[in-house]
Amino acid sequence: MNSIEDAHYLKSKLQWLMFFRVLIATFFFGIATVTQLRRSESFVTPHLIYLYILTGSAFALTFIYAKVLPFIRRPSLFAYIQIAVDMIFITALLFITGGINSIFSFLYSISIISASICLFISGGIFAATTASILYAGLIWLQKLQIIAPLSLGAFAATGYEQGQLLFPIIINIPAFYIVAILSSFLTEQAKKSRQQLQKKQIDLDQLEALNEKIIQNIPSGLLTLNKLRQIVTFNRAAEEITGYSFHQVYLKQIEEFFPTITAALESLPSQPRLSAATGFETGFIRKDGESLWLGFSESIIKDSENKKIGSILIFQDLTTFKNMQEHLKRIDRLAAVGRLAAGLAHEVRNPLASISGSIQVLHKSLKLANSDSHLMEIIVKESNNLSMLISDFTQYARAEAQNKEEIALKTIADEVVELFRNSSECLHVLAIHQLIDEQIIVIANRQQIKQIFWNLILNSAQAMAEKPGTIKLTAERVKKKSVTASPLHAQPAPDAHEISWVEIKIADDGCGIKQTELGSIFDPFFTTKDSGIGLGLAIVHKIIQEHDGFISVESREGCGTTFTCLLPAPRLQ
């Protein structure tokens with residue numbers, strides 16, 4: 001311990017010494033009073049007056065000690081003074097109660113023990129030496145008949161004659177030093193034990209602080225549960241993933257925040273989970289309402305008797321990973337459809353053209369009844385529809401971005417909007433707001449960018465067949481981190497640098513998309529409409545992909561849909 005801690009420790013011991021001094025003085029005062037009452041003696045006898053004066057002096061000095069103690073700068077010197085004064089008081093008590101025959105000589109040993117506790121070996125030896133000098137002096141003066149100790153019969157013992165006065169000196173003085181040495185040894189051992197305990201406590205505090213830092217800086221979410229399945233630990237990553245703070249979840253049932261976790265745990269294999277972690281995945285709704293997919297790992301906490309006292313749950317946000325999985329699956333499906341489209345176009349286009357041409361020639365050269373002529377028209381019409389399907393297939397299969405150039409998005413958007421307003425698809429659209437600045441430039445294939453705008457505007461218009469509304473087109477240059485995303489959710493990649501993008505948004509206030517259908521809208525041939533073959537959004541997705549961009553969608557049923565396209569922005573000159 002340092003000097004400040006030593007001084008504080010010594011002052012606390014001196015306070016206890018004062019307390020016991022008052023307690024002992026009160027005890028002896030009470031005993032003396034009761035004894036005299038039983039003997040029906042006067043309270044003003046000389047012997048009792050001396051005892052009362054001695055007891056009152058002890059009270060007064062202790063009061064003075066208590067007042068000056070907070071201002072003492074050298075508590076060790078103050079302790080030596082108190083010990084010396086205590087020895088003088090004990091000697092005076094012995095003188096009042098019979099000198100060599102007093103029964104209170106044991107108080108020297110108590111004072112020596114107190115000195116050892118406060119000042120260790122030096123204090124014990126000092127107290128033993130002081131006690132030896134005072135006791136020997138009292139006995140020697142009594143032997144020389146220089147003083148005649150008073151005698152309070154109730155506190156005196158018989159057994160020592162005048163010629164035997166040296167015997168108690170020979171017996172008690174070595175006993176004083178033995179008590180000093182033994183009590184000092186025990187006090188030193190207690191001091192070492194206290195220092196070791198303090199050191200271990202400091203090490204334990206440091207270890208706890210280190211563990212807390214480790215837990216708080218783990219990149220994965222971590223929470224611990226007690227036996228009642230209440231949350232008792234919730235690290236910083238868990239707060240960031242879930243949106244809840246530690247104070248909001250502390251001692252709350254885990255089901256309040258992770259309602260699906262119980263079912264997920266119950267679905268695990270029934271074999272006992274001893275030490276190895278058990279993993280599972282489940283859905284989760286953040287505090288702000290965002291849907292996440294979390295991967296959990298559970299480990300059981302057991303006590304020294306191998307009984308379960310809780311569990312540790314470590315979890316990570318797998319939403320981006322899941323989206324990437326879906327993205328890869330979609331790419332595989334699109335690649336397969338692209339190969340099918342190329343082969344189908346090659347194998348069917350020429351025979352279909354021959355069939356359609358032959359039917360048209362026959363229709364013109366033959367004289368057919370009305371019913372037969374109608375059948376011929378149906379064949380021609382369906383042949384044309386099939387030809388359009390093959391053309392879409394071919395376009396989808398060959399959606400590579402060719403002949404890229406710098407184009408102003410506003411020019412393309414104006415052309416497409418003007419063309420759309422003059423088409424029959426615009427019947428249910430109340431207004432189209434085109435809010436794209438002339439300075440927004442992208443490097444892309446002009447025809448393919450037109451097709452992106454056309455397909456997305458057409459999709460929005462078809463969503464307003466039952467509920468007429470408006471369509472809004474915007475574009476702006478933004479900076480985002482490198483994006484890793486599925487077509488549904490474009491999100492910044494962790495620890496990625498920022499790059500420039502052109503963000504195109506096409507929003508409508510139509511009927512929206514059902515959540516159950518949202519994950520399939522970019523799949524080829526997926527459609528919820530009575531007409532169409534479901535290739536429009538698939539073609540948009542592939543074009544954007546070929547331009548190294550990303551597309552995402554946000555939609556709520558009955559509240560409209562917003563498509564967001566990210567295309568790499570050209571460098572500013």
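Model label sites at residue 333 and residue 256, defined 7 Å from Cα along the beta-carbon direction, differ in position by 4.1 nm. Phi-derived couplings, Karplus 6.51 cos²θ - 1.76 cosθ + 1.60 at θ = phi - 60°, listed residue by residue for segment 106-116: 5, 5, 4, 5, 5, 5, 5, 5, 4, 5, 5 Hz, with x used for Gly and Pro.
Here is the list for segment 519-573: trypsin sites (Lys or Arg not before Pro) lying in DSSP coil, each with at most 10 other C-beta atoms within 10 angstrom of its C-beta, are 571.
Checked against a 25 Å cut-off, the cross-linked pairs 252/307; 467/514; 410/472; 505/542; 381/410; 410/479 give Cα-Cα distances beyond that limit for 381/410. Extension gain, residue 185 to residue 465, is 91.0 nm, computed as 0.36 nm per intervening residue step minus the present C-alpha separation. Each listed q (0.23 Å⁻¹) maps to a log10 I(q)/I(0) for segment 276-324, found by the Debye formula over equal Cα scatterers with no solvent: -0.83.
Under 5 Å between amide hydrogens, built in the peptide plane, is the criterion, and for residue 432 it picks out 471 among residues at least 5 positions away or on other chains. A Förster distance of 25 Å, applied to the separation of the beta-carbon atoms of residue 419 and residue 443, puts the FRET efficiency at 0.60.
Read-outs throughout are calculated quantities, based only on the coordinates presented, and are distinct from any laboratory measurement. On a predicted model such as this, the values are computed, not experimentally measured, just so you know. Heads up, the Cβs are rebuilt from the backbone with ideal geometry, glycines too, and the neighbour counts pull from every protein chain shown.
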